[in-house]
1. Compute, for Glu13, the solvent-accessible surface of its heavy atoms (probe 1.4 Å) with the complete set of protein chains present, and express it in square angstrom to the nearest 10.
2. For Thr178, Thr321, give me the order by solvent-accessible area with a 1.4 Å probe, most accessible first, ignoring ligands, DNA and RNA.
3. How much net charge surrounds Gln191 when only other residues with a Cβ under 12 Å from its Cβ are counted (Lys, Arg +1; Asp, Glu -1)?
4. With θ set to phi - 60°, apply the Karplus curve 6.51 cos²θ - 1.76 cosθ + 1.60 along the range 227-235 and write out the HN-Hα couplings as whole Hz, x wherever there is a Gly or Pro.
5. How would you classify the range 81-359 from its alpha-carbon gyration tensor, with a ≥ b ≥ c the square roots of the eigenvalues: rounded for a/c under 1.5, else prolate if a/b is greater than b/c, otherwise oblate?
6. Leaving out ligands and nucleic acids, note down the accessible area per residue over the range 281-417 with a 1.4 angstrom probe, in whole Å².
7. So what J values fall out for the range 174-179 if you push phi through Karplus, 6.51 cos²θ - 1.76 cosθ + 1.60 with θ = phi - 60°, rounded to Hz, Gly and Pro as x?
8. Between Lys199 and Arg7, what is the label-to-label distance in nm when each label sits 7 Å out along the Cα-to-Cβ direction?
Amino acid sequence: MATLDARALAAAEAMNKRSKGKKGGGEVKKYAVYGLGGLVALFAVYLALTDGQPRKKGGGKSKETAQVNDRYFVSDVTSYAGGNFTAAASPYFNGWSYADLKYGLDGVTMRSEGMIGMAGALQVCGDEDGVEGGALPSDYDLRALMPECTTAVYDAGNCSSSYAVAAATALSSRFCFTDNGKYKGLQLSPQQILSCDKKSSGCQGGGIDSVWSYMHKRGLFPESCVPFASGKSVACKSDCDPSQKLKSIDHCLMKGGEKEMKREIFNRGPITALMFLKDDFLVYSGGVYNPTDNANQQYGANNEPLMHAVTILGWGKSEGTAYWLVKNSWGKAWGEEGYARVAVGSVIREESVIVGSAATEEAIAEAEKKAALNEVRREELKKERAARDERIKEKQRQRAEEKAAQSAAEDDLDFEDEEVDLEGEEGESSEAE
Ligand SMILES: *[C@@H]1O[C@H](CO)[C@@H](O)[C@H](O)[C@H]1NC(C)=O
Ligand SMILES: *[C@@H]1O[C@H](CO)[C@@H](O)[C@H](O)[C@H]1NC(C)=O
């Protein structure tokens, strides 16, 4: 599955280059202009920040020990971004070197990638009957629409937990989305996933898909019962009332891309997705993020591309660039109060997002109704089959009777024939003699 991430990265980067090239017109000219602009900007930054000291170059081996919040890097990113987004040091990454990413952000994947649709594995979302159609708004932000259904931003600390936070966040919001009175402010516990889900690896990452199987089987207690521990190891136990647990009812892989994602978010609430993690995203502080031409994909301890899980809860357009509104787990001081706007078609893996559903009373009743209908249908089919078998048997019986009658009649004939035959045989034998 990890090599699939690498392949997807190569495809995404090729796509990104193409689309950027298209927008910019002549590619060579574009790069020349950027090159010049970049040099001018770099020189200005150099003058402003070096205090006459030689500038340490990032990249290569030294990058491992370089600080994520390195001020030269931060100002480089802002100038490379050409006004589309800004960069700043964030408290979340204080003291982090790039080597720390290989622990604190590692291991987030799509566990069942490569076995999609196989029996027992992740299923591709079906077409929803009846909910097609209706215009989608050009801007959508669940926070503005239902502030009671969005909760505080997590600070993951030194714990690769984005998969758990994204899933628990989406599930919480989806409960609230269906009944914003009953589930107002609901915040289900990602810590429970980190402490208890044996199919995930706790603070060493996990699958944005498999985590929904845990939430389906076990359900989640509220945050207040199992509070987030920011990387501290916490045993899997709670004194909470089991009735406080809420489950997901199912989940699936959505492959349809932008429009399908929007319709899903609009109709039923947030979804979760993986994004490629590049160095300039770490210091993103506002605007519409689109990796700059100088951005470097980051890699985990096993040299596979680092993937990061986020919750997508809206979309919009800013100065002609379409974006997704994503909720991150790097604290409120990162990005736009903990959120980011990420250009559509850039780093989010839109061809494979996870849609999970809340096991609300209605959803359970609906599922039971469906199951009951299926049961009725199965019974009907069984009866139809039995009736058909009976008809076939009846026909066979009739045929057998007819055959018996016929062969009785033929027996009579045969008897005559036999005589004829006998005569014939006698004739033959006499001929032979
Ligand atoms: C800024 O955004 C515009 C619109 O999406 C894009 O064409 C341009 O390439 C971006 N600039 C940089 C430096 O990435
Ligand atoms: C995160 O924890 C790991 C393992 O304990 C440690 O090696 C690493 O230095 C920590 N990183 C930070 C930024 O504290």
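The values are calculated or read from the model by the stated rules, or taken from the named source; none is laboratory data. Source: prediction; values computed, not measured. Heads up, the Cβs are rebuilt from the backbone with ideal geometry, glycines too, and the neighbour counts pull from every protein chain shown. Keep in mind that these areas ignore ligands, DNA and RNA; they rest on the heavy atoms of the full protein, side chains included. Shrake-Rupley method; radii C 1.70, N 1.55, O 1.52, S 1.80 Å.
1. Roll a 1.4 Å probe over it and Glu13 shows about 70 Å².
2. Thr178, Thr321
3. Cβ neighbours under 12 Å give a net charge of 0.
4. x, 5, 10, 6, x, 5, 6, 10, 5
5. On the way: a/c = 1.36, a/b = 1.08, b/c = 1.26.
Because its axes are fairly even, with a/c under 1.5, the range 81-359 counts as rounded.
6. Here the residues of the range 281-417 average 54 Å² of exposed surface.
7. Result, ordered by residue: 5, 4, 4, 4, 7, 8 Hz.
8. Between Lys199 and Arg7, the label points sit 2.3 nm apart.
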